[in-house]
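The values are calculated or read from the model by the stated rules, or taken from the named source; none is laboratory data. Note that the structure is predicted; figures quoted are calculated from it, not measured. Every residue, glycine among them, receives a Cβ derived from its backbone with ideal geometry; neighbour counts consider all protein chains shown. These accessible areas exclude ligands, DNA and RNA; they are computed on the full protein's heavy atoms, side chains included. Shrake-Rupley method; radii C 1.70, N 1.55, O 1.52, S 1.80 Å.
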Amino acid sequence: MARAMRADSFTARWRKALHRVRNAVRRSGVDYFRGDGSDWIALAGLLLTVPAIACATLLAPVWCAPAALVLPIVAGGLLLRPANLLALYAAAAAALIVESVRLGPYTAGPSRVTPGTVLVVAACGLFGLLIAQFRARVGVPWRRGGTMLFDLRERIRVQSALPRLPKGWHREMALRPAGGQSFSGDFVVAARTGGGRTLEIVLTDVSGKGMDAGSRALLLSGAFGGLLGSLPPHAFLPAANGYLLRQDWDEGFATAIHLVLDLDSGDYELLSAGHPPALQLHAGSGRWKEQAAEGPLLGVYDGAEFHPAKGSLAPGDVLMLFTDGLVETSERDIGEGIDRLTGEADRYVSTGFDGAAWHLIEAVAKDVNDDRALLLIRREA
């Protein structure tokens with residue numbers, strides 16, 4: 001009986017120890033791939049790779065040249081911290097010395113360690129060290145950096161999503177960053193306020209374009225999303241202007257247009273901060289009309305005032321908001337761009353503008369090296 005109890009106790013202790021080891025390995029692996037853990041696993045693997053490559057070079061120098069040592073060096077520059085990277089470089093240097101001694105002088109024949117081989121390995125090591133130091137200074141591990149950028153892009157996309165509208169309304173938006181990049185200086189924040197009766201949309205164009213403006217656009221989209229719905233509509237742009245002034249950026253200005261739409265009556269107000277005018281299609285006449293509100297750029301001076309423009313969307317009417325990248329280029333002014341945009345938009349009057357936002361950007365400003373955004377709100381007939 002006592003022997004059986006001792007056996008059960010030993011088995012239980014063994015299982016607990018195995019469970020602790022398994023959990024520790026799992027946490028270490030998760031932390032490593034998240035970029036939070038130690039890089040000793042990568043260091044150990046690369047240190048084992050160095051003698052393996054050296055042995056292959058000594059056995060078959062024609063198939064595995066001495067310059068193959070750049071492979072673990074390049075991998076180390078991407079995976080290791082600078083301190084551990086030096087240990088890898090020391091191992092690679094020792095491997096080069098061994099190969100040089102065993103293979104003989106480079107003047108005796110091909111497939112030997114030449115001065116050029118040493119220079120190539122040293123240059124790759126220098127570049128790898130620079131990359132590792134930059135990564136350590138930024139604080140973003142290489143294996144985590146791509147995931148972080150993807151997460152930032154998805155956050156901008158989610159924040160720019162338009163809320164669902166009640167029956168009788170149609171909305172769609174298209175956004176094209178400059179140069180085919182994933183980040184844009186144009187963004188949208190929207191919310192239904194007043195118990196869902198009012199739709200508020202803010203279309204913003206941050207100074208700059210593409211990646212240069214993407215970080216500021218992410219910061220502003222979060223701030224503007226918090227302000228929208230928390231303040232009365234007429235207080236939004238003054239608060240946004242004050243927020244930009246407090247950032248004290250070198251390129252701290254932005255344009256914005258704020259739509260406040262009553263979903264029951266179709267009445268709306270537009271408040272603009274130096275933004276291009278909105279366009280309204282009147283279903284009765286079939287003509288487009290500019291709706292321009294007055295207001296200065298955001299982030300230029302304190303105490304700015306923004307005066308609204310009022311209108312109403314009747315059944316069948318369409319309201320179009322856009323950024324200047326869609327209608328203004330170095331070769332044409334904004335008036336010509338608006339004429340071209342409305343001309344292309346007339347093609348979709350009969351089809352109800354379903355899917356028109358993306359196609360309008362393609363037709364009007366496909367190859368423009370600027371961020372472009374287009375928003376359509378239609379009241380169904």
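Send over a whole-number figure in Å² for the accessible area per residue of region 280-381, probe 1.4 Å. Mind dumping the intermediate values first?
On the way: 5050 Å² over 102 residues.
Accessible area per residue, region 280-381: 50 Å².
Relative to the present Cα-Cα distance, how much length would full extension add between R347 and H234 at 0.36 nm per residue of separation? Kindly include the intermediate steps, with their values, before the conclusion.
Values: separation 113, 0.36 × 113 = 40.68 nm, distance 3.51 nm.
Gain on extension, R347 to H234, equals 37.2 nm.
Which one of G185, I338, A17 is farthest out on the positive end of the charge dipole of the chain, using unit charges on Cβ (Lys, Arg +1; Asp, Glu -1) and the Cα centre as origin?
Checking the options against the dipole of the chain, the answer is A17.
What's the extension gain from V118 to T11 if we count 0.36 nm per residue and subtract their Cα-Cα distance? Mind showing how you got there, number by number?
Details: separation 107, 0.36 × 107 = 38.52 nm, distance 5.56 nm.
Here the segment from V118 to T11 would lengthen by 33.0 nm.
Relative to the longest principal Cα axis of the chain, at what angle does helix 142-159 sit, 0 to 90 degrees, rounded to 10?
10
For the chain, find the longest principal axis of its Cα atoms and tell me its angle to the long axis of helix 40-59, 0 to 90°, nearest 10.
60
Nearest 20 debye, what's the magnitude of the dipole of region 281-340 about its Cα centre given +1 on Lys and Arg Cβ and -1 on Asp and Glu Cβ?
That gives region 281-340 a dipole magnitude of about 360 debye.
Running a GNM on the chain with Cα contacts under 10 Å, which residue among G266, G225, G284 ends up with the highest mean-square fluctuation?
Fluctuation is largest for G284.
In degrees between 0 and 90, to the nearest 10, how far off the longest principal axis of the chain does helix 70-79 point, with axes built from Cα atoms?
50
Hey, rough spin-label estimate for D262 and H307, points 7 angstrom out along Cα→Cβ, what's it come to in nanometres?
Label at D262, label at H307, 2.2 nm between them.
So for the chain, taking the charge dipole from beta-carbon charges (+1 Lys/Arg, -1 Asp/Glu), which of Q133, I257, G274 sits furthest toward the positive end?
So the residue furthest toward the plus end is Q133.
Counting only helical runs of four or more DSSP H residues, what would the 222 nm mean residue ellipticity of the chain come to if each run contributes -39,500 (n - 2.57) and the total is spread over all its residues? Intermediate results must be reported in sequence, preceding the final value.
Details: 10 runs with 182 residues, N = 381.
It lands at -16000 deg cm²/dmol.
Residue farthest toward the positive end of the dipole of the chain, with Cβ of Lys/Arg at +1 and Asp/Glu at -1: which of L80, A54, P232?
A54
Report the extension gain between V74 and W40 in nm, rounded to one decimal, defined as 0.36 nm multiplied by the number of residues separating them, less their alpha carbon distance.
Details: separation 34, 0.36 × 34 = 12.24 nm, distance 1.66 nm.
Length gained, V74 through W40: 10.6 nm.
Cβ under 9 Å from L199's Cβ, L199 left aside: what net charge do those residues give with Lys, Arg +1 and Asp, Glu -1? Each step should come with its number before you reach the end.
Working: positive: R171, R192, R197; negative: E200, D262.
Here the charged neighbours net out to +1.
Of A68, A239, A256, which has the largest mean-square fluctuation in a 10 Å C-alpha GNM of the chain?
Checking each option, the largest mean-square fluctuation is seen for A68.
Among L80, L259, L321, which one moves the most in a GNM of the chain with springs linking Cα atoms closer than 10 Å?
In the Gaussian network model the winner is L80.
When the accessible area of the chain is computed with all protein chains present and a 1.4 Å probe, what percentage of it is carbon and sulfur? Could the numbers behind the result be given before it?
Values: 11810 of 20060 Å².
Carbon plus sulfur share of accessible area: 59 percent.
Given a Förster radius of 22 Å and the C-beta distance between L219 and R137 as r, what FRET efficiency does 1/(1 + (r/R0)^6) yield to the nearest 0.05?
Details: r = 21 Å, r/R0 = 0.96.
Given R0 = 22 Å and the Cβ-Cβ separation, E is 0.55.
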